[in-house]
Amino acid sequence: MRYSAFNLLRQAFRGHRDWTPAWREVEPRAAYDVIVIGGGGHGLATAYYLAKVHGVTRVAVLEKGYIGSGNAGRNTTIIRSNYLLAENTPFYEWSLKLWEGLEQDLNYNAMVSQRGVLNLYHSDAQRDAFIRRGNAMRICGVDAELLDVRAVRRMAPFLDFDNARFPIKGGLLQRRGGTARHDAVVWGYARAASRLGVDIIQNCEVTGFICEAGRVTGVQTTRGEIRAAKVGMAVAGNTSRLANMIGLRLPIESHVLQAFVSEAIKPLIPGVITFGAGHFYISQSDKGGLVFGGDLDGYNSYAQRGNLPAVEHVCEEGMALMPMIGRVRLLRSWGGIMDMSMDGSPIIDRTPMPGLYLNGGWCYGGFKATPASGWCFAHLLASEQPHPLARGYRLDRFATGHVIDEKGQGAQPNLH
């Protein structure tokens, strides 16, 4: 059923009794053309674009829990394309363009809100770095504005300008950036993919791979064997764990990243604001809660929970930026498993094992990349060739030295 104002009105007169399920509940078939492991945003977007763009509809999305139960539902929902390096900027700009038309494409309200992303700077050196980033963005056709302290004060007067330990000197603004509703994105892609014939199979954990003649030909799951010509992995923080089942050692470490929501307050924060003297980012949800996060917990983990020292660290950074946040009560927190690559950039490529394909290493940038990630991974699965926008995201770049080190932190995943 297509969602529209007319259908909403018609269902209202019928007591809302005739709505159909958003996606089909199916039993797994014996074989598919493509299996996508991972029922998060990246996996579902891949399946959707396989069906819509490439006409590959015999696709199964396997999720060990319920769709969106991983990182897709455990992030701070920020979307942006304010990147510096040539391998990243076009990719994330294409993702932002897909975000801008996503709700019409999926016929689903993903609550995309382009309220702007403001990155603050606190020193002359940081200002120069932001000028360089802004120029690189504009060369690629991406919007960027450098604001002085007066412009920032007009936009966010509640920040600490006068007594701050790290005085605010300005910021780099991308007005087209903003937020989207993470759960709605997952549900929208699932509904649209299912409508095109994709099978979404929940509570189906992959326990191993089927290999024949040196090629992956399917997977073993808690619901039996399922065969396919191609198998794609889009499992975020569990990438290294899944790859280990077939003997692959990937340049990825798994770390836990916490995020937080405060009690609801009146509208305060106009968009997304990031702290340039630390790693802190904050926005305000439609319900009024302050949504914020910071650094990784700093140790390898597969647990979707964090520790109290990281909570204290993040809150201290928030207090340094806007001391009034100390008067707001913390409502809840959660943890996501980040698949941190060695250079801080993702991997979309074939693996050394024929028939097995990899989409991972998204570090902090997974949610904002969801549409373009699915678009490019679907292209790889359908054509066997990397998409031009993701040509730099090769797995062998760590062997050849063609790394994409956006933050210049070297081969230390926890610093990216």
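The values are calculated or read from the model by the stated rules, or taken from the named source; none is laboratory data. Being a predicted model, the structure only gives us computed values, none of them experimental. Every residue, glycine among them, receives a Cβ derived from its backbone with ideal geometry; neighbour counts consider all protein chains shown. When the accessible area is computed, the model is the full protein with side chains, heavy atoms only, and any ligands, DNA or RNA have been set aside. Shrake-Rupley method; radii C 1.70, N 1.55, O 1.52, S 1.80 Å.
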Answer yes or no: is there a residue in the stretch 352-362 that is over 22 Å from Thr217 (Cβ atoms) and under 10 Å from the mean Cα position of the chain (by Cα). yes
For Val235: the one exception among (1) touching a His at 6+ places or on another chain (Cβ under 8 Å); (2) open to solvent by less than 50 Å² (accessible area, probe 1.4 Å): (1)
Can you pull out every residue in the stretch 126-182 that is touching a strand residue (DSSP E or B) at 6+ places or on another chain (Cβ under 8 Å), in a helix (DSSP H, G or I) and among the basic types (Lys, Arg)? Arg127, Arg133
Considering only the stretch 312-362, give the strands (runs of 3 or more DSSP E) lying wholly within it that have at least 1 residues that are in contact with a helix residue (DSSP H, G or I) (Cβ under 9 Å, 6 or more places away or on another chain) and of a type in the set (Val, Ile, Thr). 330-341, 347-350
Tally, over the stretch 31-76, of residues that are touching a Ser or Thr at 6+ places or on another chain (Cβ under 9 Å) and part of a loop (DSSP other than H, G, I, E, B): 6
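Does Arg58 satisfy the criteria of being closer than 26 Å to Ser345 by Cα and open to solvent by 30 Å² or more (accessible area, probe 1.4 Å)?
When the stated conditions are applied, Arg58 does not pass them.
Every residue, every condition in (1) under 24 Å from Ala411 (Cα atoms); (2) more than 18 Å from the chain's Cα centre (by Cα), yes or no:
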{"site": "Pro270", "(1), (2)": "no, yes"}
{"site": "Ala277", "(1), (2)": "yes, yes"}
{"site": "Leu290", "(1), (2)": "no, yes"}
{"site": "Leu296", "(1), (2)": "yes, no"}
{"site": "Asn300", "(1), (2)": "yes, yes"}
{"site": "Gly318", "(1), (2)": "no, yes"}
{"site": "Val328", "(1), (2)": "no, yes"}
{"site": "Asp339", "(1), (2)": "yes, no"}
Any idea which of Arg132, Arg195, Arg138, Arg176 is modelled with pLDDT of 95 or more, farther than 30 Å from Ala277 by Cβ, among the charged types (D, E, K, R) and open to solvent by 10 Å² or more (accessible area, probe 1.4 Å)? Arg195
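So which residues in the stretch 42-96 are of a type in the set (D, E, K, R) and either at pLDDT below 95 or under 15 Å from the mean Cα position of the chain (by Cα) (or both), if there are any at all?
Arg74, Arg80, Glu93
So which residues in the stretch 183-192 are open to solvent by less than 20 Å² (accessible area, probe 1.4 Å) and either in contact with a strand residue (DSSP E or B) (Cβ under 7 Å, 6 or more places away or on another chain) or of a type outside the set (A, V, I, L, M) (or both), if there are any at all?
Gly188, Tyr189, Ala190, Arg191
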Between a residue in the stretch 55-79 that is farther than 30 Å from Val272 by Cβ and of a type outside the set (Val, Ile, Thr) and any residue that is open to solvent by 20 Å² or more (accessible area, probe 1.4 Å) and in a strand (DSSP E or B), which pairs come within a Cβ distance under 9 Å, given they are 6 or more apart or on different chains? Arg58/Ala31; Arg58/Asp33
Could you grab me the full set of residues in the stretch 219-228 that are surrounded by fewer than 17 Cβ atoms within 10 Å (Cβ to Cβ) and either small (Gly, Ala, Ser) or in a strand (DSSP E or B) (or both)? Gln220, Gly224, Glu225, Arg227
Taking the stretch 327-337 and the residues there that are surrounded by 21 or more Cβ atoms within 10 Å (Cβ to Cβ) and small (Gly, Ala, Ser), the one that is nearest to Arg241 (Cα to Cα) would be Gly336
Please find, among Met324, Met353, Met342, the residue that is in contact with a Pro (Cβ under 8 Å, 6 or more places away or on another chain), in contact (Cβ under 8 Å) with a residue 40 or more places away in the chain, of a type in the set (A, V, I, L, M) and open to solvent by 20 Å² or more (accessible area, probe 1.4 Å). Met342
It is to be established whether one or more residues within the stretch 107-116 are surrounded by fewer than 18 Cβ atoms within 10 Å (Cβ to Cβ) and free of Cβ contacts under 8 Å to residues at least 24 places away in the same chain. no
Can you pull out the residues in the stretch 403-416 that are part of a loop (DSSP other than H, G, I, E, B) and either aliphatic (A, V, I, L, M) or farther than 24 Å from Phe130 by Cα (or both)? Val403, Ile404, Ala411
Say we look at the stretch 80-104 and pick out the residues that are part of a helix (DSSP H, G or I) and without any contact (Cβ under 8 Å) to a residue 24 or more places away in the chain; which of these is most open to solvent (accessible area, probe 1.4 Å)? Gln104
Within the set of pairs 6 or more residues apart or between chains, which connect a residue that is outside any strand (DSSP E or B) inside the stretch 196-218 to a residue that is of a type in the set (Gly, Ala, Ser) with Cβ atoms less than 6 Å apart? Leu196/Ala51; Val198/Ala47; Val198/Ala51
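Say we look at the stretch 302-311 and pick out the residues that are within 23 Å of the chain's Cα centre (by Cα) and part of a helix (DSSP H, G or I); which of these is surrounded by the fewest Cβ atoms within 10 Å (Cβ to Cβ)?
Only one residue tops the list, namely Val311.
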Of everything in the stretch 141-158, what is out of contact with any Lys or Arg (no Cβ under 6 Å at 6 or more places or on another chain) and either surrounded by fewer than 18 Cβ atoms within 10 Å (Cβ to Cβ) or within 20 Å of Asn88 (Cβ to Cβ) (or both)? Give them in sequence order. Gly141, Val142, Glu145, Leu146, Asp148, Arg150, Ala151, Arg153, Arg154, Met155, Pro157, Phe158
